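Contents: one structure, followed by commentary.
The values are calculated or read from the model by the stated rules, or taken from the named source; none is laboratory data. The structure displayed is predicted, hence computed values, not measured ones. No Cβ is skipped: glycine too gets one built from the backbone with ideal geometry, and neighbour counts run over all protein chains shown.
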Amino acid sequence: MTIVAETFVLPERRSPAGRLSDFFWRHPHVLLTVLLGPPLLWLGVVYLGSLFALLLQSFFSIDEFSGLINYEFTLATYRQLLSEANLDIILRTVSMAALVTLFSAFIAFPIAYYAARYARGKWKALFYLAVMLPLWSSYLVKVYAWKLILAKEGILTWIFEKLNLLWLLDAWLALPIVGGNSLSVSYTGTFIVFVYVWMPFMILPIQAALERVPANLIEASSDLGGTPAQTFRHVLFPLALPGVVAGSIFTFSLTLGDYIIPQIIGSSRLFIGQAVYAQQGTAGNIPLAAAFTVVPIVIMGAYLWMAKRMGAFDAL
Amino acid sequence: MTTAVLFDNISRHFGAVRAVDRVNLSIAEGEFFAMLGPSGSGKTTCLRLMAGFEQPTAGHIEIFGETAEGVPPYRRSVNTVFQDYALFPHLSILDNVAYGLMVKGIGREERRKAAEDALAMVKLPGYGTRRPGQLSGGQRQRVALARALVNKPKVLLLDEPLGALDLKLREQMQEELKSLQKSLGITFVFVTHDQGEALSMADRVAVFNEGRIQQLGRPEDVYNQPKTRFVADFVGSSNVLTAKLCQRLGLQASFASLRPEAVAIAPAADGALSLSGTVAGRSFLGATNRIVVDVDGNRIAVASPAAHSVPAIGSPVTISFAARDLHPMEDA
């Protein structure tokens, strides 16, 4: 059956949904407001508001005597933050986050490159599955599983033993800072688990960025005389940089804020997340906890500013 | 004369697909060589074999007497102008053009000067600080050309470089490319699916179909004496006369080609051949009228000068042509 319109303008739809469609068509900005309003309110008021409240807290101080918060503007909490013990925590966390980020990017790039350039059909599906699968199981389960893997009686020690490489493991564990009694109580163990847990957050943005690099740019570079290394340095990496930066924001900020992994795997020395947890919980020092949370925000802000200055987002 | 590019029985198969199938060709130094064919005919794969992006499944390639198999693209003195230009979006125009010199380790000042000269050559002086995204299609095309030519390649490969441009710009670029090639003396290998472009620019044309060269020769010869039915059809849409019609005209051939512009709507003069039929269609093409005449079920197109009167559809007409314009062809 065909419907032949009698007039140029089709009859108006009488249903409320039809009228709404007409209204939105005439006023597209209203539709935009309706769609974006709730999430923006959520982000703007609830999220930014509480962040601001948190920031405000860091400018108050705690009364040593009564343990009550003194609501007067002061920089005393920041002075406390910059004490040697706390600086130690910050330095430890930032170094760990930086190393985890660098190493993750190093491992993730070839995987992402393979997925973006070569994987097709079922191999691509398999890639997504393999990358996402770890995210399906509980974070805690994975971390405890790693504790068993890295333990002195664990499978890793066993493998080293079977390969007659136990001396290598022992030599590594004998090193200062990165070593310890076993991998599960060393910074090396914390590092391995961080890299494992955040890996998907690094692979996926890099893969998305590489996917957008046209293959003929790689060919053009090669055609103009660029060796594979030069093509990587001058074409592929700069164009994938927004993805690498996005991935590193994830791994960096997630490591800065995490308080579970260093508690389960690693030495007993605190990371920022643990410090915040301890200060706002047992110690009841909300201002210092707030001051600690300001650290990652400042670092991330500085990091993004530097990335922008280095031209990381020029290709966007 | 030195041979720039030599294909000796080259095949390139992708699984069961024979993209290029036993192709032989030899391109002379300084020649403007066009590879013409429909999409999927193997012409672009041949170009990629010269650039080094593909390796032959079988056969032997020589570029200026040196074996090309196994030589990576970055070690070939051959540069490509890509179909969609492939300019680096994160680099300025100047850095794009200087890229080839940069990766070869030439100093900053020297390569800046060379790149500016190359930009001036393609009539884009002073555009160096812009980004590819700020240029029009025609300008990007010129930048791609400058980026390739600044390396002084021994062979310049052009992969449908004018495909994305509008007609006016395309015609202008055709002339510029031609004169550039003449003044530089570089061997140009040009891939196109536009027969007009191939015929007007090239010294020699290779017509590709299904991975093979159907005909290779000077544009005039390919146009006037198509060797196969495919060439007759693809290059300038010749009339293809069947064996039966050929026989009626006293020619022993399975097929014959007849150019529309070689046919006139007029009774046969001395020594000319003629056929009678009815007018089946007509269309105005500007300089000519294209009139389709039905001769016992065979449709023969006639290019009639626009000044001549056009017979009405359905009216009986006699068409005539010289015997030498009828070219016998192979059956393919």
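Of note:
- When residues of the stretch B:250-268 are limited to those that are under 16 Å from B:V302 (Cβ atoms) and more than 26 Å from the chain's Cα centre (by Cα), the one surrounded by the most Cβ atoms within 10 Å (Cβ to Cβ): B:A264
- Residue that is nearest to the other protein chains (Cβ to nearest Cβ) [pool: residues in the stretch B:112-135 that are part of a loop (DSSP other than H, G, I, E, B) and not charged (D, E, K, R)]: B:T129
- Filtered residue count, the stretch A:53-108, keeping only those that are under 30 Å from A:F191 (Cβ atoms) and among the β-branched types (V, I, T): 7
- Restricting attention to the stretch B:163-190, the residues that are buried (at least 18 other Cβ atoms within 10 Å of the Cβ) and in contact with a Phe, Trp or Tyr (Cβ under 9 Å, 6 or more places away or on another chain) add up to 6.
- Taken over the stretch A:268-281, the criterion of being in a helix (DSSP H, G or I) and within 18 Å of A:V143 (Cα to Cα) is satisfied by A:G273, A:Q274.
- A:M306 modelled with pLDDT of 85 or more, touching a helix residue (DSSP H, G or I) at 6+ places or on another chain (Cβ under 6 Å) and assigned to a helix (DSSP H, G or I): no
- Among the residues making up the stretch A:122-172, a single one is in contact with a Ser or Thr (Cβ under 9 Å, 6 or more places away or on another chain) and among the polar types (S, T, N, Q): A:T157.
- Entirely in the stretch A:17-93, the helices (runs of 4 or more DSSP H) that have 2 or more residues that are within 30 Å of A:A283 (Cβ to Cβ): A:48-57, A:76-81
- Every residue from the stretch B:281-308 that is small (G, A, S) and surrounded by 15 or more Cβ atoms within 10 Å (Cβ to Cβ): B:A301, B:A303, B:S304
Per-residue answers, yes or no, for (1) aliphatic (A, V, I, L, M); (2) surrounded by fewer than 12 Cβ atoms within 10 Å (Cβ to Cβ); (3) out of contact with any strand residue (DSSP E or B) (no Cβ under 7 Å at 6 or more places or on another chain); (4) in contact (Cβ under 8 Å) with a residue 12 or more places away in the chain:
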position	(1), (2), (3), (4)
A:F109	no, no, yes, yes
A:A112	yes, no, yes, yes
A:R120	no, yes, yes, no
A:V131	yes, no, yes, yes
A:P134	no, no, yes, yes
A:Y139	no, no, yes, yes
A:W146	no, no, yes, yes
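- Within the stretch A:110-135, being part of a helix (DSSP H, G or I) and basic (K, R) holds for A:R117, A:K122, A:K124.
- Summed over the stretch B:246-269, the residues that are at pLDDT 85 or above, within 16 Å of B:S320 (Cβ to Cβ) and touching a strand residue (DSSP E or B) at 6+ places or on another chain (Cβ under 6 Å) give a count of 8.
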